[in-house]
1. For the stretch 102-174, which semi-axes, largest first and in whole Å, follow from the square roots of 5 times the eigenvalues of its Cα gyration tensor?
2. Per DSSP helix of 4 or more residues, -39500 (n - 2.57); summed, then divided by the residues of the chain. What does that give at 222 nm, rounded to the nearest 500?
3. Using the charge dipole of the chain (Lys, Arg: +1 at Cβ; Asp, Glu: -1 at Cβ; taken about the Cα centre), state which of Asn109, Ser67, Ala156 has its Cα farthest towards the positive end.
4. What does the charge dipole of the chain about its Cα centre add up to, to the nearest 20 debye, if the Cβ of each Lys and Arg holds +1 and the Cβ of each Asp and Glu holds -1?
5. For the chain, with all protein chains present and a 1.4 Å probe, just round the carbon and sulfur fraction of the accessible area to a whole percent.
6. Bin width 5 Å, alpha-carbon pairs only: give the P(r) of the stretch 102-144 as whole percents, running from 0 to the bin holding the largest distance.
7. From the phi angles alone, apply the Karplus equation (6.51, -1.76, 1.60; θ = phi - 60°) to the stretch 10-19 and give each ³J(HN,Hα) in whole Hz, x where the residue is Gly or Pro.
8. Got a sec? What order do His20, His45 fall in by accessible area at 1.4 Å, biggest, i.e. largest, first?
Amino acid sequence: MGNRQEDLPLAALEHADDEHDMEDVLERVARRLQAEGAHVGGLVHRVDDYPSGSKRMVLFDLRSDRSFELSQDLGGASVACNLNPQALGEASAVLRQALADGVDLVVINRFGSVEAEGGGFVMEFADFIDAGIPVLTAVAARHQSGWQRFTGGLHAALPADEDALMAWCRAQLARRKQEGALKV
């Protein structure tokens, strides 16, 4: 007998490669949960463009709104990876602090190419899972095979629907409350 989606403490908003509003959906869900009194931590991702035309990626801490410029402006003609490893390291400290603080639920902006290769926030994903803290993230279609390898298929696959995400999150919070694990 398989696990029901709401029973799995790891969930991904799965989306097509060309869908770009997933960050907004994750942030709206996290903010709604916070407004309801849940102790939600983690990082959300916002994307826009540098004046040069290259893609600008910024991570925001859900608890402090501190920002981390995840990309570097290498110019509009550059095809090189513009990931800023220093910002990635600084942002990972936000996740480690959320774990230490025992948040009720964590949002990790995405499981992407860096995580699929075993880097990025993959250790933080594992640490939250080990601690029993529910994790909500986004996974693009092109990273599905890496996600499947990482999770062993033990994750809830959720649509890009705010109500479906909220239902999963509320089920996780209710489970943690029943277990006596929620912060009061």
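1. 20, 15, 10
2. Values: 6 runs with 70 residues, N = 184.
Rounded to the nearest 500, the figure is -11500 deg cm²/dmol.
3. Ala156
4. Working: 18 positive and 29 negative charges, 96 e Å.
Value, rounded to 20: 460 debye.
5. Numbers: 4530 of 8960 Å².
Carbon plus sulfur share of accessible area: 50 percent.
6. So the P(r) values, bin by bin, are 5, 24, 32, 23, 12, 4, 0.
7. 10, 9, 10, 7, 8, 8, 5, 4, 8, 8
8. On the way: His20 140, His45 10 Å².
Descending order: His20, His45.
The values are calculated or read from the model by the stated rules, or taken from the named source; none is laboratory data. Keep in mind the model is a prediction, meaning the values are calculated, not measured. Every residue, glycine among them, receives a Cβ derived from its backbone with ideal geometry; neighbour counts consider all protein chains shown. Keep in mind that these areas ignore ligands, DNA and RNA; they rest on the heavy atoms of the full protein, side chains included. Shrake-Rupley method; radii C 1.70, N 1.55, O 1.52, S 1.80 Å.
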